[in-house]
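Since the structure comes first, as structure tokens, the remarks are kept for the end.
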Amino acid sequence: MKKFPLAKPFIGKKEIDNVMAVLKSGVLSLGQRHLDFEKKFAKKVGTKYAVSVCNGTAGLHLALLAASIKEGDEVITSPFSFIASSNAILYVGARPVFVDVDPVTGNIDPEKIEEKINKNTKAILAVHIFGQPARMDEIMKIAREYKLKVIEDACESIEATFKGQKVGTFGESAVFAFYPNKQMTTGEGGILTTNSLSVYEMCKSLANQGRGDSMQWLDHKYLGYNYRMDEMSAALGLAQLGRLSSFVRERQKIAGWYKSYLSKYADLIEVPVTASDNTHTWFVYVVRLKIDPKHKGAIIKELAKAGVVSKVYLPSIHLFDFYRKKFGYKPGDYPISEDISARSLALPFYLGLKEQDVQLIVTKLAKIVRKIS
Ligand SMILES: *Cc1c(COP(=O)(O)O)cnc(C)c1O
């Protein structure tokens, strides 16, 4: 029986050759590759600067530090995200203030932001979920009006555009991530993009133990971290970056197959919708079941038995134990996010999936959903 994992990276000869060359050179960290990667990445996204880091979460931490977010501050963000976006706000001692999401895209609903703004609000951390952008025009307008900083969590949405403009270019800074399930990978890795020279210099220094401009060893301006990306990761990233546009086109094609095969089962399964202002770059393919969510565990089990891995994507952050205990959140606080979480099911999605694979996965899914519901 053919098995379908949820995700897997595409590693070709170029990737292997690039990493081998680093290993043979003996320069495994603080060489030239991470600098090349930063330059090429900034150019691809369309920002002046980029700072490579060891993972996306570290990048978000730096973005918040560079925005001077600190204890007592509040940051508005989405409860429908991977936990890292919200945890990074906690790392700097600030409070994540959740705003419920748009039922179509699962991104923060700009119309619900203003009611959450008070004198402690300092920033909006906008997450572009699953591969499509949040409504950045409205978010930027609110931010200008209330003098808030905007940080984009673009970890899932590399190359996506809102009204023709790429994610990563709207806010003061933005962060992309390269874990092996993302659209491109460096193993572990991430990068921060910005047009601000001061944010760039601050993040560059903070990622390298707070070292001063002179770059003299042991000249430390402030409390820094070791968030550096190593040279093997950067070399892998350079190979992947060269293929990114074709990777994205391939993902869009696979998403198209899913949509067309799933259309027969519209009574059972809702397909993801791309908002008209967005281009979607498909980090994951997440459907919503139209049946009682109590059956979902059984569906995931049956699918696994049939060789198809699937997963809840994503649980709402405010309902994790840690957040409930710390902030007193309870079910019902963010009903749209909770409804999307309850009905969500991510399906196998990676480069190399063939049209017949998608057809087979959809047939198995539909049969199991019909049987169990
Ligand atoms: C992947 C991801 C991150 C960063 O994850 P790392 O594993 O630290 O690279 C942050 N936010 C979102 C929404 C993500 O999907």
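The values are calculated or read from the model by the stated rules, or taken from the named source; none is laboratory data. Just so you know, these numbers come straight off a predicted model, no measurement behind them. In this analysis, Cβ positions are derived from the backbone assuming ideal geometry, glycine residues included, and neighbour counts consider all displayed protein chains. We work out accessible area using only protein heavy atoms, side chains counted, and drop any ligands, DNA or RNA first. Shrake-Rupley method; radii C 1.70, N 1.55, O 1.52, S 1.80 Å.
A few remarks follow.
- Entries in Lys301/Lys325; Lys14/Lys259; Lys253/Lys364; Lys204/Lys326; Lys48/Lys163 that, when Cα-Cα distance is taken, lie over 23 Å: Lys301/Lys325; Lys14/Lys259; Lys204/Lys326
- Ranked by the mean number of other Cβ atoms within 10 Å of their residues, highest first, the peptides 157-167, 270-280 fall in the order 157-167, 270-280.
- CD proxy at 222 nm, helix term only [per DSSP H run n ≥ 4: -39500 (n - 2.57); per residue of the chain; nearest 500]: -12000 deg cm²/dmol
- Distant-in-sequence amide contacts of Val97, defined by a placed amide H-H separation under 5 Å and a gap of 5 or more residues or a different chain, comprise Val75, Ile76, Thr77.
- Ranking of Arg144, Arg251, Arg370 by solvent-accessible surface, largest first: Arg144, Arg370, Arg251 (1.4 Å probe, protein heavy atoms only, all chains present).
- Crossing angle, helix 231-262 versus the chain [Cα axis fit, 0-90 degrees, rounded to tens]: 20
- Local charge for Gly352 was computed over the other residues whose Cβ lies under 10 Å away, with Lys and Arg +1 and Asp and Glu -1, and equals 0.
- Region 285-309 versus region 1-20: alpha-carbon centroid distance in Å: 26
- With respect to the chain, whose longest principal axis is taken over its alpha-carbon atoms, helix 296-305 is tilted by about 90°.
- The tail of the calculated P(r) for region 13-68 beyond 16 Å holds 59 percent of all Cα-Cα pairs.
- Note that the chain shows a convex hull volume over its alpha carbon atoms of 140 Å³ per residue.
- Sulfur and carbon atoms: percent of accessible area, the chain [1.4 Å]: 56
- Farthest towards the positive end of the charge dipole of the chain, among the residues Tyr225, Phe247, Gly131, is the Cα of Phe247, using unit charges on the Cβ of Lys, Arg, Asp and Glu.
- Antiparallel beta bridges, as assigned by DSSP with both residues in region 148-238, represent about 75 percent of the total such bridges.
- Cut-off 15 Å (backbone N to label point 7 Å along Cα→Cβ of Asn120), residues of region 322-340: 326-329
- Within the chain, percent of DSSP bridges classed antiparallel, to nearest 5: 60
- With DNA, RNA and ligands ignored, accessible area of Val127 (1.4 Å probe; Å², nearest 10): 10
- Projected label distance in nm at Asp267 and His220, using a 7 Å step from Cα toward the beta-carbon: 6.6
- Förster radius 22 Å - calculated FRET efficiency between Ser196 and Lys330 (Cβ-Cβ, nearest 0.05): 0.05
- Straight-line cross-link reach from Lys221 at under 16 Å between alpha-carbon atoms covers these aspartates and glutamates, not counting any fewer than eight positions away in the same chain: Glu201, Asp213.
- Extension reserve of the Met1-Lys13 stretch, reckoned as 0.36 nm per residue once the Cα distance is removed: 1.5 nm
- Against the chain, whose longest principal axis is taken from its Cα atoms, helix 197-206 shows a tilt of about 90°.
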